[in-house]
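Some notes on the structure that comes next.
The values are calculated or read from the model by the stated rules, or taken from the named source; none is laboratory data. The structure presented is a predicted model; accordingly, all values stated were derived computationally and were not measured. When we count neighbours, we look across all protein chains shown, and the Cβ atoms used for this are built from the backbone with ideal geometry, even at glycine. For accessibility, only protein heavy atoms count, side chains too; no ligands or nucleic acids. Shrake-Rupley method; radii C 1.70, N 1.55, O 1.52, S 1.80 Å.
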Amino acid sequence: MNDAFKALSDPTRRRILELLADRDLSAGEIAEYFDISKPSISHHLNTLKAAGLVLDERKGQNIIYSLNMTVFQDLIKWFFDFQQ
């Protein structure tokens, strides 16, 4: 869970997650929303993947990224348990 919190600490990664909440996207589609290099986007996606927050699936020549809701559910459960 520490990796998830670390990944969530960056505003670019949070924005990527917001985009993926709307629909699954390729790295190129995600990059269109930012004014940073594609290697930087790739680094952010790898960090999100390592934290388990996003999943990737190869479709033809593209890799499509989507949210991993299981990890978000675990984070929400932790927050609720923390309150009690």
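Every residue, every condition in (1) open to solvent by less than 90 Å² (accessible area, probe 1.4 Å); (2) within 14 Å of the chain's Cα centre (by Cα); (3) among the hydrophobic types (A, V, I, L, M, F, W, C), yes or no:
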{"residue": "Ile16", "(1), (2), (3)": "yes, yes, yes"}
{"residue": "Leu25", "(1), (2), (3)": "yes, yes, yes"}
{"residue": "Ser40", "(1), (2), (3)": "yes, yes, no"}
{"residue": "Trp78", "(1), (2), (3)": "no, no, yes"}
Consider only pairs whose beta carbons are under 6 Å apart and that are at least six residues apart or on different chains; among these, list those whose first residue lies in segment 2-24 and is on the phi > 0 side of the Ramachandran plot and whose second residue is in a loop (DSSP other than H, G, I, E, B) and surrounded by 16 or more Cβ atoms within 10 Å (Cβ to Cβ).
-> none
Hey, could you check segment 42-76 for residues that are of a type in the set (Val, Ile, Thr) and farther than 16 Å from Ala4 by Cβ and say which is farthest from the chain's Cα centre (by Cα)?
-> Ile63
So, of the residues in segment 6-20 that are aliphatic (A, V, I, L, M) and modelled with pLDDT of 95 or more, which turns out to be nearest to Glu57 (Cα to Cα)?
-> Leu20
Glu29 versus (1) surrounded by 14 or more Cβ atoms within 10 Å (Cβ to Cβ); (2) under 20 Å from Gln73 (Cα atoms): which is the lone unmet condition?
-> (2)
Taking segment 43-76 and keeping residues among the aliphatic types (A, V, I, L, M), under 16 Å from Ile30 (Cβ atoms) and either part of a helix (DSSP H, G or I) or open to solvent by 100 Å² or more (accessible area, probe 1.4 Å) (or both) leaves Leu45, Leu48
